[in-house]
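The values are calculated or read from the model by the stated rules, or taken from the named source; none is laboratory data. Note that this is a predicted model, so its numbers are computed, not measured. So basically every Cβ, Gly included, is an ideal-geometry build from the backbone, and we count neighbours across all protein chains shown. Note: accessible area is taken over every heavy atom of the protein model, side chains too, but ligands, DNA and RNA are not part of it. Shrake-Rupley method; radii C 1.70, N 1.55, O 1.52, S 1.80 Å.
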Amino acid sequence: MRLSYVRELDEYPTGARRMKILTMAVLAILIGSYEGQIAPVVPLLLKDLNMSLATYGAVSGTAAVAGAIASILGGRLTDQIGRVRLLIPLMALTAVCCFAMTLVQSPRDLLIARIVLAFVDGVAMASTAPLIRDFSPRLGRAQAFGFWTWGPVGANFLAAAIAGLTLPIFDDSWRSQFVIMGCFSLVISAVIAFNIADLSPELRARIQHTERDGAQVVDLTEPARMRSLFARRNIWAHVIGISLWLVLYITLSLFGQTMLVGALGISSAQASTIMAAFWSLNLITLIVTGRLSDRTQLRKPFSLGGTIAAVLVTAYLAVSLGQEDVSTGTLMVVGALLGGSLGVAYAPWMANYSEDAEDADPRLQGTAWGLFGFLSKAIAVVGLLVIPHVVEATNWQTWLFVALGCLVLFIPAIVLFNGPWRRPARTPVPVTLGEAEG
């Protein structure tokens, strides 16, 4: 039975119609990521609930585990029952969960609320990357995934900006932020519901090279089987490789400012300025490199080049953490170069992973991206639990060298991905003399 809010397309959309649906998918990941943001109100929350930072870390780690489980479950469900059918009601439910956060009175209440929100949001957001794949032909997929990545990154800026503008108005009440978050999410969820659509199962089973050129590569009479995905060596290379790559990315996301303050003794404001430079260039290179990757239809060279550049910059940063009198200007340049390098590698990798999973079975995109969501959240859990202990026992410089080693190990994994290393030479089209003269 087709639910009233599910618009299922039997023909692949083109032009502005396709771009509108892609925009809705990007908007969905932005709102979903925004709903999970709590960092701007953590100091207020700790004081109001009389909660230690260690307790907050344990709450965040437990919620991240729930989110990781939800991602892999949601990925499987979105393949089986459809993207929009899963996304729309769960987005509304996450908005309700934001309102429920205002009822929190103790650390135990916070734990329950964050687990529920992380689980519901994890299942809902598992539909967004498959939607990007569904509505981005291979000719434009890296750039589309670059915009998708703006969601998690942009949510950091959105939450901080709204908190900065509205907390003074509401007497620094942390609950005000979750009321705003819930209202904002409900409105945007309604906008998405009226403008998004799903592909029919037959269209989802196709590989779309351009808007108008697609190919049927699977037998629709046979069910999609997970073993067709995980029997492939290149998929395991993607899974293991990106897990190692994410160690550095998660370290900077969770502890970037803390690392700079602790290792170099700079102020929190200076550390935030350096990390702002990191995120700014990261956002730019995600889109620019995605476009270049699409124009050349090359993925692996960009992932390799960006990773090698990131290795070199990370090595320089790790050495700098052991020195004194490193200028803020130098650190801003280093941070920007590191963020830019990671952006160069990331968007083409996402397109490469999507295409390699598509080659196994286009019907398993949700499963593949659910696994990615599980991995990214699992690495975050490991980061929350392991990094503080390693730093306490040694220092930030030691941990950064560990993250650097993990990044280096991503390089041999790239060799196992599918896809060309160079553009094929264009074969001239033969024409007869009469055609040439005409």
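Summary table
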{"item": "Residue list for the range 285-301, restricted to those being closer than 17 Å to Gln208 by Cα and aliphatic (A, V, I, L, M)", "result": "Leu298"}
{"item": "Qualifying residue in the range 22-31 (condition: over 17 Å from Ile196 (Cβ atoms) and either hydroxyl-bearing (Ser, Thr, Tyr) or part of a helix (DSSP H, G or I) (or both))", "result": "no"}
{"item": "Within the range 134-143, considering residues that are open to solvent by less than 10 Å² (accessible area, probe 1.4 Å) and not hydroxyl-bearing (Ser, Thr, Tyr), the one farthest from Cys98 (Cα to Cα)", "result": "Pro137"}
{"item": "Hits in the range 218-249 (condition: in contact with a helix residue (DSSP H, G or I) (Cβ under 7 Å, 6 or more places away or on another chain), among the aliphatic types (A, V, I, L, M) and over 22 Å from Gly322 (Cβ atoms))", "result": "Val218, Leu220, Ala224, Met226, Leu229, Ile235, Ala237, Val239, Ile240, Ile242, Leu244, Leu246"}
{"item": "Residue list for the range 399-426, restricted to those being small (Gly, Ala, Ser) and without any contact (Cβ under 8 Å) to a residue 60 or more places away in the chain", "result": "Gly405, Ala425"}
{"item": "Among the candidates Thr273, Thr285, residue that is hydroxyl-bearing (Ser, Thr, Tyr), on the phi < 0 side of the Ramachandran plot and either open to solvent by 60 Å² or more (accessible area, probe 1.4 Å) or out of contact with any helix residue (DSSP H, G or I) (no Cβ under 6 Å at 6 or more places or on another chain) (or both)", "result": "Thr273"}
{"item": "Hits in the range 255-269 (condition: crowded, with 17+ Cβ neighbours inside 10 Å and either more than 18 Å from Gln323 (Cβ to Cβ) or not hydrophobic (A, V, I, L, M, F, W, C) (or both))", "result": "Phe255, Gly256, Gln257"}
{"item": "Selected residue (only one of Arg108, Arg114, Arg85 is in contact (Cβ under 8 Å) with a residue 24 or more places away in the chain and open to solvent by 40 Å² or more (accessible area, probe 1.4 Å))", "result": "Arg85"}
{"item": "Residue in the range 98-107 that is at pLDDT 90 or above, at negative phi, hydrophobic (A, V, I, L, M, F, W, C) and outside any helix (DSSP H, G or I) present", "result": "yes"}
{"item": "Restricting the range 215-230 to residues that are in a loop (DSSP other than H, G, I, E, B) and open to solvent by less than 40 Å² (accessible area, probe 1.4 Å), the residue that is modelled with the highest pLDDT", "result": "Ala224"}
{"item": "Condition broken by Phe178, with the remaining ones in (1) aromatic (Phe, Trp, Tyr); (2) closer than 16 Å to Ala39 by Cα; (3) at pLDDT below 90 satisfied", "result": "(3)"}
{"item": "Flag for Gln80 being part of a loop (DSSP other than H, G, I, E, B) and not basic (Lys, Arg)", "result": "no"}
{"item": "Residues within the range 385-429 that are open to solvent by 50 Å² or more (accessible area, probe 1.4 Å) and in a helix (DSSP H, G or I), tallied", "result": "13"}
{"item": "Total residues in the range 179-211, condition in a loop (DSSP other than H, G, I, E, B) and open to solvent by 60 Å² or more (accessible area, probe 1.4 Å)", "result": "1"}
{"item": "Hits in the range 153-178 (condition: open to solvent by 30 Å² or more (accessible area, probe 1.4 Å), among the aromatic types (Phe, Trp, Tyr) and within 27 Å of the chain's Cα centre (by Cα))", "result": "Phe157"}
{"item": "Residue in the range 202-212 that is within 30 Å of Leu407 (Cα to Cα) and modelled with pLDDT under 90 present", "result": "no"}
